[in-house]
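Below is one structure, written out as structure tokens; comments come after it.
The values are calculated or read from the model by the stated rules, or taken from the named source; none is laboratory data. Model, not experiment: these values are computed from the prediction. Note that we place each Cβ from the backbone using ideal geometry, even for glycine, and neighbour counts take in every protein chain shown. Quick note on the areas: whole protein, heavy atoms, side chains included, nothing else; ligands and nucleic acids left out. Shrake-Rupley method; radii C 1.70, N 1.55, O 1.52, S 1.80 Å.
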Amino acid sequence: VQLVPFGVATLLVALFGATQDIAVDAYRIEIAPIEAQGALVATYSLGYRIGLLLAGAVALILADHAPWRAVYALMAAAMAIPLAATLMAREPDVLRRRPARWRDAMREGVIDPFADFFRRYGWALAGVTLLFLLLFKMPEQATIGGIMSPFYRDMGFSKTEIGAITKIYGIWIGIVGVFIGGAAVARWGAWRPLGVTIVLCGCSNLLYLVLIAHPGNLVALTLVISGENLTLGMLGPPTVAFLSSLVNRQHTATQYALLSSLVNLPGKLLGFFAGGIAMTTGYGGYFVITVLAVLPAMMIFAYLWPRFRGIERVSAEAD
């Protein structure tokens with residue numbers, strides 16, 4: 001095995017993939033107003049899920065009938081579709097100042113986006129907002145880490161059952177949830193659906209207590225995955241619409257990348273401690289603890305809502 005070329009290829013794919021994600025998010029924010037972000041996120045999520053199926057399940061099936069070299073070549077050829085769509089897409093109506101020097105470009109691309117966020121909202125409101133971003137998705141992040149595979153196995157499910165229900169079935173339930181969340185954002189804006197779905201998503205972790213009470217029961221597993229993935233999908237569009245509303249369109253890519261990274265950071269850190277917590281409290285105690293994380297998040301949400309509504313009202317009157 002040639003580890004060096006493999007490592008370099010992996011690094012390049014991760015770098016280009018992350019850059020692509022940031023560019024797509026920035027483009028989505030710039031081409032449509034906040035109230036339309038829910039529909040855009042729903043459509044994006046559908047394409048993303050189809051891509052996962054193509055690069056995952058379909059690629060594995062093809063690998064049984066063709067060499068991996070041919071499979072990877074086919075996956076690369078499939079990228080011609082989004083490439084053509086990108087070339088045909090129109091540019092957003094956002095005017096940016098072109099920096100005259102490289103030093104100015106680095107300042108405007110790296111330093112100014114951070115300073116702009118605190119300048120627009122003030123240190124106090126910006127700090128509380130960042131704390132909210134760190135907390136409100138912790139229940140979701142707590143159930144997508146490495147602890148879930150041993151949990152399902154300890155509940156008596158086979159790998160085939162876990163894969164079929166949590167991956168294949170769960171993906172499509174999540175897509176349904178995304179479209180429901182997108183419709184909610186289109187109807188009520190970002191804030192109200194965000195508050196409701198935070199609570200629903202957090203409380204859905206209590207469904208795992210049903211699974212603990214009925215180990216090995218496929219009906220119980222299907223119920224749990226249905227409730228969890230549906231609410232996770234519903235939370236996606238309000239989250240993206242909320243993050244998009246925080247972004248200055250002069251610094252779209254950098255600010256959105258920073259904010260979305262903060263949302264996912266607690267889940268990465270929690271992964272280091274999830275196993276120890278579950279061993280100490282049991283699986284049931286662990287899931288109850290993840291639900292309790294909703295309480296401080298909703299307290300901060302109640303604090304932020306009237307303040308951001310006031311900012312949005314002033315901005316609308318200025319426009």
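When the residues of the stretch 283-319 are narrowed to those that are over 23 Å from Ala126 (Cβ atoms) and loosely packed, with under 14 Cβ neighbours inside 10 Å, which ends up modelled with the lowest pLDDT?
Out of the qualifying residues, it is Leu292.
Could you tell me whether any residue of the stretch 150-164 is under 15 Å from Leu246 (Cβ atoms) and either open to solvent by 40 Å² or more (accessible area, probe 1.4 Å) or small (Gly, Ala, Ser) (or both)?
The answer is no, given that none of the residues of the stretch 150-164 is under 15 Å from Leu246 (Cβ atoms) and either open to solvent by 40 Å² or more (accessible area, probe 1.4 Å) or small (Gly, Ala, Ser) (or both).
Outside any loop (DSSP other than H, G, I, E, B), of a type in the set (S, T, N, Q), farther than 16 Å from Ser204 by Cα and open to solvent by less than 30 Å² (accessible area, probe 1.4 Å), is that true of Thr129?
yes
If we scan the stretch 255-267, do we find a residue that is more than 19 Å from Phe136 (Cα to Cα), modelled with pLDDT under 85 and either part of a helix (DSSP H, G or I) or open to solvent by less than 20 Å² (accessible area, probe 1.4 Å) (or both)?
no
Within the stretch 27-45, work out how many residues are open to solvent by less than 60 Å² (accessible area, probe 1.4 Å), part of a helix (DSSP H, G or I) and within 21 Å of Gly181 (Cβ to Cβ). So that I can check it myself, show each step before the final result.
Filtering the stretch 27-45 down to residues open to solvent by less than 60 Å² (accessible area, probe 1.4 Å) leaves 28-32, 34, 36-42, 45.
Filter again for part of a helix (DSSP H, G or I), leaving 28-31, 34, 36-42, 45.
Now narrow it down to the ones that are within 21 Å of Gly181 (Cβ to Cβ): 28-29, 31, 34, 36-42, 45.
Total meeting the criteria: 12.
Say whether the condition of being more than 17 Å from the chain's Cα centre (by Cα), assigned to a helix (DSSP H, G or I) and under 19 Å from Ala241 (Cβ atoms) is met by at least one residue in the stretch 8-18.
So far as the stretch 8-18 goes, no, none of its residues is more than 17 Å from the chain's Cα centre (by Cα), assigned to a helix (DSSP H, G or I) and under 19 Å from Ala241 (Cβ atoms).
Give all pairs with beta carbons closer than 8 Å in which a residue from the stretch 88-110 that is within 20 Å of Arg249 (Cβ to Cβ) and surrounded by 10 or more Cβ atoms within 10 Å (Cβ to Cβ) meets a residue that is acidic (Asp, Glu) and at pLDDT 70 or above; count only pairs at least 6 apart in sequence or on separate chains.
Pairs found: Pro92/Glu30; Val94/Glu30; Pro99/Glu108.
Matching residues to (1) aromatic (Phe, Trp, Tyr); (2) open to solvent by less than 70 Å² (accessible area, probe 1.4 Å); (3) under 16 Å from Ser244 (Cα atoms):
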position	(1), (2), (3)
Gly181	no, yes, yes
Arg187	no, no, no
Leu194	no, yes, yes
Thr197	no, yes, no
Gly202	no, yes, no
Leu207	no, yes, no
Ile212	no, yes, no
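Looking at (1) free of Cβ contacts under 8 Å to residues at least 40 places away in the same chain; (2) at positive phi, which is the only condition Ala213 fails?
Ala213 satisfies every listed condition except (2).
Filtering the stretch 60-73 down to residues that are hydrophobic (A, V, I, L, M, F, W, C) and at pLDDT 80 or above, which residue is surrounded by the most Cβ atoms within 10 Å (Cβ to Cβ)?
Step by step, filter the stretch 60-73, then rank; the result is Val71.
Which condition breaks for Ile147 when tested against (1) modelled with pLDDT under 85; (2) open to solvent by 50 Å² or more (accessible area, probe 1.4 Å)?
Evaluating Ile147 over (1) modelled with pLDDT under 85; (2) open to solvent by 50 Å² or more (accessible area, probe 1.4 Å) leaves (2) as the failure.
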